[in-house]
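Student: Here you go, one structure.
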Amino acid sequence: MSIERYTGLAQALHWLTAAALCFVLPFVWVAENFPAGPVRTFWYMAHESMGLCVFLLILLRLSWRWRHRAPAYPPGTRRLMRLIAGLNHALLYAVLLAMPITGYLMAGNGQDVPFFRLLSLPGFAKNEELGRLANRLHVWGQFAVYALIMLHVAATAWHVAVRRDGLLERMLPEQRR
């Protein structure tokens, strides 16, 4: 049975986003375990830079998706499942755009934001209230990221192990036999 797949670029952007997320989260966890100083600053810079990479990857994914439709769901996929999947994807895109924005509003509050020490993105005038709001949204947003990714992975595992309907193959390159 031949299954319709996402384009090669869509697949690559998906897995690059997943890889970036595997870095962005631990970088901040490491940063939080160091006292103020150059080591902590380095890990925060790494976290912020990877967050900006996630933002750019999501923009690329949305731009590509706008011009290239998603492949059809496997036969027998119920309407409710398609609705839940679509909602999860939309929320993932929204939160993965919101997190770098709130992060930038925190990091750029009164200072420039270094991007992998290669260049600096301009900051803006210090605004304590905006910084507190961005921090609150960023901290709570992480839990939305965790929940949505867990749902995404759990649904994929369910399609692989229980339904065995080939859904995961849509996001993988075709295998030669």
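Student: Would you point out which residue out of Val162, Val95, Val139 is without any contact (Cβ under 8 Å) to a residue 12 or more places away in the chain, within 30 Å of Thr7 (Cα to Cα) and either under 15 Å from the mean Cα position of the chain (by Cα) or part of a helix (DSSP H, G or I) (or both)? Quick ask: steps written out before the conclusion?
Tutor: Numbers: Val95 fails: without any contact (Cβ under 8 Å) to a residue 12 or more places away in the chain; Val139 fails: within 30 Å of Thr7 (Cα to Cα).
Being without any contact (Cβ under 8 Å) to a residue 12 or more places away in the chain, within 30 Å of Thr7 (Cα to Cα) and either under 15 Å from the mean Cα position of the chain (by Cα) or part of a helix (DSSP H, G or I) (or both) holds for just one of Val162, Val95, Val139, which is Val162.
Student: Say we look at the range 1-24 and pick out the residues that are of a type in the set (A, V, I, L, M) and touching a Cys at 6+ places or on another chain (Cβ under 9 Å); which of these is surrounded by the fewest Cβ atoms within 10 Å (Cβ to Cβ)?
Tutor: From the range 1-24, those of a type in the set (A, V, I, L, M) are 1, 3, 9-10, 12-13, 16, 18-21, 24; that's our starting set.
Restricting the remaining residues to those that are touching a Cys at 6+ places or on another chain (Cβ under 9 Å) gives 16, 20, 24.
Values: Leu16: 15, Ala20: 20, Val24: 23.
Checked the range 1-24; the qualifying residue surrounded by the fewest Cβ atoms within 10 Å (Cβ to Cβ) is Leu16.
Student: Another question, then. Which of the residues belonging to the range 89-124 are open to solvent by 80 Å² or more (accessible area, probe 1.4 Å) and in contact with a Gly (Cβ under 7 Å, 6 or more places away or on another chain)?
Tutor: Gln111, Asp112
Student: Among Leu130, Leu96, Leu167, Leu105, which is the only one that is at pLDDT 95 or above, touching a helix residue (DSSP H, G or I) at 6+ places or on another chain (Cβ under 7 Å) and within 26 Å of Gly8 (Cα to Cα)?
Tutor: Details: Leu130 fails: within 26 Å of Gly8 (Cα to Cα); Leu167 fails: at pLDDT 95 or above; Leu105 fails: within 26 Å of Gly8 (Cα to Cα).
Unique residue meeting the criteria: Leu96.
Student: Look through the range 25-46, keep the residues that are under 14 Å from Phe116 (Cα atoms), free of Cβ contacts under 8 Å to residues at least 24 places away in the same chain and surrounded by 18 or more Cβ atoms within 10 Å (Cβ to Cβ), and return whichever of them is nearest to the chain's Cα centre (by Cα).
Tutor: Phe27
The values are calculated or read from the model by the stated rules, or taken from the named source; none is laboratory data. Computed from a predicted structure; not experimentally measured. Every residue, glycine among them, receives a Cβ derived from its backbone with ideal geometry; neighbour counts consider all protein chains shown. Protein only, heavy atoms only, side chains kept; ligands, DNA and RNA dropped before computing areas. Shrake-Rupley method; radii C 1.70, N 1.55, O 1.52, S 1.80 Å.
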